[in-house]
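Have a look at the structure below, then the notes.
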Amino acid sequence: MQKVVGVRFRRAGKIYYFDPGNLELLLSRDVIVETSRGLEFGEVVQEVKEVDDDEIVPPLRLIRRIATEADYRQLEENKEKEKEALRICHQKIEKHGLEMKLVDVEYTFDHNKIIFYFTADGRVDFRNLVRDLAAIFRTRIELRQIGVRDEAKIVGGLGPCGRPLCCATFLGDFGSVSIRMAKEQNLSLNPTKISGICGRLMCCLRYEADHYEGTRRCCPSPGDQVSTPHGEGKVLRLNILKQTVMVGMQENRVHREIPVGEVEKRRADKGEREQREQGKEKEREKQGKKSNGWKKQRKNR
């Protein structure tokens, strides 16, 4: 077990552990820390605590000091220099005719390095650009290519819901999102409906994915034969949020919305099982005919 404190360098950025030393660090306290890039200005977002050695990425670096007035002035100067560096880099990119989009510029706190973040469709040969920038700023230059999700995180904006982007406000890491999550929640699979401003699947699709997946395990699936207080029937659809199922009753062909707790899945008898197997066999035959027809078309071409 080691005593650590959590520090973040960007809003909604990753949280890194540092050794607090003998400093008294409270939440939201600004600090100067030593990183692999040199000195950095960060904010304490997790108070001093003890964690297992497995949770720490070595080496565990020390927090140098609590930010002073001079450090705040240095931070403001860096922000002004970043604006100038952004303008100059735009000019150099146009001069060299490079197909890249400059997103952001970051000065390390001690001016040891300038990092330019950009997006591009493919690889970009920016060696001449780096030489020009190094000659102007006379410090180490790094050009870092990022993805469209990282671009949205840095730039920010409003999502389809009208609220600020999750990735730019509170999401520290991008979780994996799949189209299956949209299907599980019965959402429209229209890309314009389930994509964020970055063009990728919206991060919020995974917020309730575990709930939908867990609830579906406890509920009958569409097509299942069930017994209800109103008689036997067939499940037509499932409403996860209301915890109900729509059942087509066998006797009067009426559709009833019934709570999941009042529905019991009925075991199919021999005749029903045979009907299902025959239906599956017919479906396989149809798919086989379609596949054979497609192969013949390719041969004729």
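The values are calculated or read from the model by the stated rules, or taken from the named source; none is laboratory data. The model shown is predicted, which means the values in this text are computed figures rather than measured ones. Every residue, glycine among them, receives a Cβ derived from its backbone with ideal geometry; neighbour counts consider all protein chains shown. We work out accessible area using only protein heavy atoms, side chains counted, and drop any ligands, DNA or RNA first. Shrake-Rupley method; radii C 1.70, N 1.55, O 1.52, S 1.80 Å.
Just a few scattered comments:
- One residue stands out in region 239-262 among those that are aliphatic (A, V, I, L, M) and either touching a residue at least 60 places away in the same chain (Cβ under 8 Å) or open to solvent by 20 Å² or more (accessible area, probe 1.4 Å) (or both): the one that is nearest to L187 (Cα to Cα), namely L241.
- Among the residues of region 199-222, those that are surrounded by 14 or more Cβ atoms within 10 Å (Cβ to Cβ) and either over 30 Å from the mean Cα position of the chain (by Cα) or assigned to a strand (DSSP E or B) (or both) comprise L201, P220.
- Enumeration of residues in region 223-240 that are within 13 Å of E257 (Cα to Cα) and assigned to a loop (DSSP other than H, G, I, E, B): P229, H230, I240
- Every residue from region 117-141 that is open to solvent by 50 Å² or more (accessible area, probe 1.4 Å) and either of a type outside the set (D, E, K, R) or more than 16 Å from E99 (Cβ to Cβ) (or both): F126, N128, R131, A135, I136, R138, R140
- Yes/no for D132 being of a type in the set (D, E) and over 20 Å from the mean Cα position of the chain (by Cα): yes
Conditions (1) within 21 Å of A168 (Cα to Cα); (2) out of contact with any strand residue (DSSP E or B) (no Cβ under 8 Å at 6 or more places or on another chain); (3) free of Cβ contacts under 8 Å to residues at least 40 places away in the same chain; (4) open to solvent by less than 60 Å² (accessible area, probe 1.4 Å), marked per residue:
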site: D19; (1), (2), (3), (4): no, no, no, yes
site: D30; (1), (2), (3), (4): yes, no, no, yes
site: E34; (1), (2), (3), (4): no, no, yes, no
site: V44; (1), (2), (3), (4): yes, no, yes, yes
site: L60; (1), (2), (3), (4): no, no, no, yes
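- Candidate set: region 4-36, residues that are among the basic types (K, R), assigned to a loop (DSSP other than H, G, I, E, B) and over 20 Å from A70 (Cβ atoms); chosen: the one modelled with the lowest pLDDT: R11
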